[in-house]
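Before any comments, here is the structure.
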Amino acid sequence: MSEPASKIENQKGIKVIKDMGLDQGVARLTPEKIEKVVNEVLENETGARLKAYVDSCVHCGLCSDACHYYVSRQDPIFTPAAKVKQTLWEILDKKGKVSPEFIRRAAEVAYTECNLCRRCAMYCPFGIDVAYMMLTMRRICHKLGVTPQYIQDTAHSHSATMNQMWVKEDEWVDTLFWQEEEAQEEIPNLRIPVEKEGADIMYSVIGPEPKFRAQLIYQAAVILNAAGADWTMPATPGWDNSDMAMYTGDNEMMARLKKEHFETATRLKVKRIVMGECGHAFRSVYDMGNRALGWKMPPVPVVHALEYYYELFRAGRIKVAKKFEKPVTLHDPCNVIRGRGLHEMTRYVVNKTCENFIEMTPNREHNYCCCAGGGVINCGPPFRDKRVVSNSVKADQISATTKKGVEVVIAPCHNCHGGLEDIIHHFHLGVELKFLGDIIYEVMEKPE
Amino acid sequence: MHTLHNLVSGPLVWLAFIIFIGGSIYKLVTMAKEAKKKDPLVYEYWDGNYAFRSILHWLTPFGSVNWRKNPVLTTVTFAFHISLILVPIFLLAHVLLWKESFDISWWYLPEAAADWMTLIVIFACIFFAGRRMIRKDVKYLTSSSDYWILAMVAAPFITGYWAHHYWPMYRIMYILHILSGEIMLAAIPFTRLSHMLYFVFTRGYIGSEFGAVRHARDW
């Protein structure tokens, strides 16, 4: 897929990347509108937490080295605290009296220079949650109508179709049948059970799976069948667990999406939702979307693929025919590691399926972000170059493992996959990239 | 001079303590109330054990990954904060004042230790200021208020050390010592020095989220 090179022009010393959504959105702003919207959000949607964060930050810079943007670029505008300085500090200081140009830069910072990976919360002595502040900035931008075009398109798709990729209802069901047929060539009695009421598990995926990576549905079906799981997939909207509205700042839409998802699971009377290898979707279902609906924890138990694989291997429900031979390393995705602590379970599965596992450093909760998550990759081609060059530290991290012989990077998250693909290509790292499901599918004993 | 001395060591002391204690209570109570109204999730997700686990790791020198990654800063910042809190409370001269005024007393620091700890505070402030000027990431974040805060913290220690050693103009320094100490105390609830009040809550909250919801470490 060829993508146009980023158009970058210099404005007041900071490179501004052209984006139709941001540029046209800003053109419609007036200082009065900005002030009104900013104060509405600050007054109605934020409170003590934001104040405590702003008052506690002593500007010490201890968060700097937490951020892959800063570590890669060594430009002080990219430290986590600097991102708050370029957004909310100024806004709070001026009580919303900021210019449209200021909002233009603040939007670019919040949407394209922070992946909301929350690594910096682990490096700040006060535990200041910069991701929360960037989301607050995005919320303001959403209400101002200043959002990057590409990610806004996915949010529109969510609103119109309840999935991220404009997949129509019949296309969705067709895709399931198509993947079932494909899989039946390998395993003749394999089924993808659709709309099976009372199944144990509803398996849910993100919009891009039927759109671009349909073979993942095939693979998941093979794994679930081999494990003898009682599972189903819905034929109705609500099948998509992804959520770009969460990242554009459209909290109302985030809540609607999660409501649809949970209600679909409830309608099918399943015991729990098992989701594919996606990080942001897990964050949406387990952490943010449920809260937007007023659920402290998800109303239907949610199990991420990594935890489910662990469960299957632990119980001996999947047998390994022959372990994966090429040396592998593992990229820990933020939303399921810092977001759910699945790192040891993942390692258990990697060790069960691979001959030779070499850790990248840092790892587990301290792993560097892929620089694609948080909706950044969804902001599309205009910002691609920036996110790739802003993560040279990831390239260094992978490259250190290749020196130890690593040939395959396992990235069990869709956004991480997209981000790492670009990094591996740009920095000529010469490694393969796989989901953990790819490996399991490859090495498992398959029923005849 | 005498009147000035009486003013700073009498009514202003009371005023400073009233502003510090009253202001701190006011700030914490209004924050707690506002959080209850607008950020109820802070209460919902607060978990005493995980909050304590996180706070403990960060209050232990070299107890977090980031403390270990910055050994010089960690050493300086712990030495600074420990001295900053202990010296005013356990300095013999201060203990004697409490004894004289309210007939209560407690353990005090050996004179030499207090001297060294005072110097630690002063040099740590110089170190922090230097860091703000030299490190480009910190420089970018720094505004003039950051230097004012450092000056405000260093002032009572510089003047106190000066007066204690009877250097020239020690009488004026003595008055300035009391005055600057009062200013610092009164400023705690209303400036970024309030990180002293909020630390337990911001750290505890993220510790609760990481521990109880995300099952991950945050240090």
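Which value at 222 nm does chain A reach when only helices count, each DSSP H run of 4 or more adding -39,500 (n - 2.57), with the total divided by all residues and rounded to the nearest 500 deg cm²/dmol?
Values: 23 runs with 216 residues, N = 448.
Result for chain A, helices only: -14000 deg cm²/dmol.
Quick one: if the Förster radius is 51 Å, what FRET efficiency do A:GLU169 and B:LEU56 give, using the C-beta to C-beta distance and rounding to 0.05? Walk me through the intermediate numbers first.
Numbers: r = 53 Å, r/R0 = 1.03.
For A:GLU169 and B:LEU56, the calculated efficiency is 0.45.
Sorted ascending by nearby beta carbons within 10 Å, beginning with the fewest, A:ARG49, A:ARG213, B:ARG203 become A:ARG213, A:ARG49, B:ARG203. In straight-distance terms, cross-link reach from A:LYS269 covers every one of the aspartates and glutamates whose alpha-carbon lies under 17 Å from its own, apart from those fewer than eight places away in the same chain; here that gives A:GLU195, A:GLU197, A:ASP200, A:ASP230, A:GLU260.
Taking Cβ atoms as reference points and 9 Å as the exclusive limit, the residues near A:ALA281 contribute a net charge of -1, counting Lys and Arg as +1 and Asp and Glu as -1. Derived value for the range A:320-448: Kirkwood hydrodynamic radius 14.9 Å. Basis is the mean of 1/r over every pair of different alpha-carbon atoms. With a Förster radius of 25 Å applied to the C-beta separation of A:ARG314 and A:LYS446, the computed FRET efficiency comes to 0.80.
Computed from the C-beta positions of B:TYR166 and B:PHE123, the FRET efficiency with R₀ = 25 Å rounds to 0.70.
Note on A:LYS269 and A:ASP23: the extension gain reaches 83.9 nm, defined as 0.36 nm multiplied by sequence separation minus the Cα-Cα distance. Applied to the range B:185-199, the Karplus parametrisation 6.51 cos²θ - 1.76 cosθ + 1.60 on θ = phi - 60° returns per-residue 3J(HN,Hα) values of 4, 5, 7, 3, x, 10, 10, 5, 4, 5, 4, 4, 7, 8, 3 Hz, with x for Gly and Pro. Distance from the Cα centroid of the range A:30-85 to that of the range A:112-158 is 10 Å (rounded to whole angstrom). I'd like to know which of A:ILE128, B:MET196, A:PRO382 lies farthest towards the positive end of the charge dipole of the protein assembly as shown, counting +1 on Cβ of Lys and Arg and -1 on Cβ of Asp and Glu. Final value for the positive-end residue is B:MET196. Among A:HIS156, B:HIS177, the ranking by other beta carbons within 10 Å of each residue's beta carbon, starting with the fewest, stands as A:HIS156, B:HIS177.
In this simple spin-label approximation, A:LYS322 and A:GLU32 carry label points 7 Å from Cα along the Cα→Cβ vector, and these lie 7.5 nm apart. The amide H of A:LEU433, built 1.01 Å from its N in the peptide plane, has A:VAL409 as neighbours under 5 Å, considering only residues 5 or more places off or on other chains. Here's how it looks for A:LEU330: its modeled amide H is under 5 Å from those of A:MET360, A:ILE410, which are all 5 or more places away or on a different chain. The mean of 1/r over all pairs of different alpha-carbon atoms in the range B:111-214, once inverted, gives a Kirkwood hydrodynamic radius of 15.8 Å.
Per the Debye calculation on chain A with a single equal scatterer at every Cα and no solvent contribution, log₁₀ I(q)/I(0) for q = 0.07, 0.09, 0.14 Å⁻¹ amounts to -0.34, -0.57, -1.36.
Is there a pair in A:LYS36/A:LYS85; A:LYS15/A:LYS143; A:LYS258/A:LYS446 whose C-alpha atoms are over 28 Å apart, and which pairs would that be?
Working: A:LYS36/A:LYS85 21 Å; A:LYS15/A:LYS143 25 Å; A:LYS258/A:LYS446 34 Å.
Checking Cα-Cα distances, A:LYS258/A:LYS446 exceed 28 Å.
Based on DSSP H segments of at least four residues, each scored -39500 (n - 2.57), chain B has a per-residue ellipticity at 222 nm of -25500 deg cm²/dmol.
Counting only Cβ charges, +1 for Lys and Arg and -1 for Asp and Glu, the dipole size of the protein assembly as shown around its Cα centre is about 1740 debye. Working from Cα positions, state the angle (0 to 90°, nearest 10) between the long axis of helix B:144-164 and the longest principal axis of chain B. Taking Cα atoms only, the helix is inclined about 40 degrees.
Electrostatic tally near B:GLU44: other residues with Cβ closer than 14 Å to its Cβ, Lys and Arg +1, Asp and Glu -1, net +2.
In this simple spin-label approximation, A:ASP200 and A:LYS95 carry label points 7 Å from Cα along the Cα→Cβ vector, and these lie 6.0 nm apart.
Charges only on Cβ, +1 for Lys and Arg, -1 for Asp and Glu: so what's the dipole of the range A:161-313 about the Cα centre, in debye to the nearest 20?
Working: 15 positive and 24 negative charges, 144 e Å.
Roughly 680 debye for the range A:161-313.
When the dipole is taken about the Cα centre of the range A:8-147, and only Lys, Arg (+1) and Asp, Glu (-1) are charged at their Cβ, what size is it in debye, to the nearest 20? Working shown, then result.
Values: 21 positive and 17 negative charges, 18 e Å.
Roughly 80 debye, rounded to the nearest 20.
Quick one: B:ASP39, A:ASP396, fewest Cβ neighbours within 10 Å first, how do they rank?
Ascending Cβ contact count within 10 Å gives the list A:ASP396, B:ASP39.
No value in this document is a laboratory result; all are computed from the given coordinates. Quantities reported herein were computed from a predicted structural model and do not represent experimental measurements. Neighbour counts run over all protein chains shown; Cβ positions are idealised from the backbone, glycine included.
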